[in-house]
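Everything below concerns the one structure shown next.
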Amino acid sequence: MTGVRPKKHLGQHFLKDQSIARQIAESLTGHGGYSRLLEIGPGTGVLTQFLLPAPYEVFVAEIDRESVAYLKENVAELEGRIIEGDFLRMKGELLPESPFAIIGNFPYNISSQIFFRILEMREQVPEVVCMLQREVARRITSPPGSKEYGILSVLLQAYYDIEYLFTVDKSVFLPPPKVQSGVIRLRRNEVETLPCDERLFKSMVKQGFQNRRKTLRNALKPLNLPEEVRQDPMLDKRAEQLSVKDFIDLTQKTERLWNK
Ligand code: SAH
């Protein structure tokens, strides 16, 4: 026993199964040529122990004081590499030198926010391997046309090649979460910047999915798109039917007309 009490408000579900921790660690491919890893939410280090012997320098970001105290006492290799605090608020200078991969059994209550933060840091992060609730894992990996496809699917798929790796049963956690878990891998693609205004692209995606049952013509009304765009047959569709490329095309067309 580690003496660290699992805390619900921090989304703590500690992995009991060593072989799954190993499998997650082994899912890193080194894509993009990084030498540093940042583990989000190491807890008592179940996953960390499989990262340390790898050819990487391991840093961890942990908010729970009790877990931090445990790691300081028990994992000598992490000396000077424990970043204590809320990952969502960590400023760039606290994080490892770029590039670094992100790995972790994420706190499920904030997994979407973690991905929005990763999107902001995408230039520094060539690979992500993580476990999160299966529903969100599926959403992120699902293709256009499916019910699960949403804002994070489009935004992440614009910059990363994403794979669903495997499902993990509730029973291997202490305490068991209410839902099943999934492990996914994201590898940064070749796209440096989208061939369109990225802010407008993001607004289109967000606004489009805000009312995902409406046609885009209705859902995008607040953006006051040019008449010619509003007439586009693409706007008869719903956001969930559009690929990343479709959203880019729509953004380009809007820009062109606005700039005329
Ligand atoms: N990796 C461990 C623990 C996973 S539980 C294991 O697999 O057993 C999720 C972990 O994320 C917990 O340790 C929790 O304290 C930590 N955590 C929760 N919110 C966090 C945040 N905002 N920033 C950093 N760590 C956080």
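Residues in the range 1-32 that are over 18 Å from the mean Cα position of the chain (by Cα) and either closer than 12 Å to Val129 by Cα or among the charged types (D, E, K, R) (or both): Arg5, Lys7, Lys8, Lys16, Asp17, Ala21, Arg22, Gln23, Glu26.
Restricted to the range 45-62, and to residues there that are touching a residue at least 24 places away in the same chain (Cβ under 8 Å) and within 6 Å of the ligand (Cβ to nearest atom), the residue that is nearest to Ile114 (Cα to Cα) is Ala61. Apart from one condition, Leu155 fits all of (1) in contact with a strand residue (DSSP E or B) (Cβ under 8 Å, 6 or more places away or on another chain); (2) outside any loop (DSSP other than H, G, I, E, B); the exception is (1). Within the range 70-87, residues that are more than 11 Å from Val60 (Cβ to Cβ) have Cβ atoms under 9 Å from residues that are within 11 Å of the ligand (Cβ to nearest atom) and of a type in the set (Gly, Ala, Ser) in these pairs: Tyr70/Gly43; Tyr70/Gly45; Asn74/Gly45; Gly85/Ala61; Asp86/Ala61, counting only partners at least 6 apart in sequence or on another chain. Filtering Arg89, Arg65 for residues that are within 30 Å of Tyr159 (Cβ to Cβ), within 10 Å of the ligand (Cβ to nearest atom) and exposed (fewer than 14 other Cβ atoms within 10 Å of the Cβ) leaves a single hit, Arg89.
Among residues of the range 8-19 being more than 7 Å from the ligand (Cβ to nearest atom) and out of contact with any Leu (no Cβ under 9 Å at 6 or more places or on another chain), the one that is farthest from Phe173 (Cα to Cα) is His9. Scanning the range 173-195 for residues that are free of Cβ contacts under 8 Å to residues at least 40 places away in the same chain and of a type in the set (Val, Ile, Thr) yields Val191, Thr193. Here is the figure for the range 158-200: residues that are in a strand (DSSP E or B) and within 13 Å of the chain's Cα centre (by Cα) total 12. Which of the residues belonging to the range 168-212 are under 18 Å from Val128 (Cβ atoms) and among the polar types (S, T, N, Q)? Passing the criteria: Ser181, Asn189.
When you check Val128 against the structure, is it closer than 24 Å to Pro177 by Cβ, more than 14 Å from the ligand (Cβ to nearest atom), modelled with pLDDT of 95 or more and hydrophobic (A, V, I, L, M, F, W, C), yes or no?
Values: closer than 24 Å to Pro177 by Cβ: yes; more than 14 Å from the ligand (Cβ to nearest atom): yes; modelled with pLDDT of 95 or more: yes; hydrophobic (A, V, I, L, M, F, W, C): yes.
Here the answer is yes, as Val128 does meet what is asked.
The values are calculated or read from the model by the stated rules, or taken from the named source; none is laboratory data. Being a predicted model, the structure only gives us computed values, none of them experimental. All Cβ positions, even for glycine, are placed from backbone atoms using ideal geometry, and neighbour counts span all protein chains on display.
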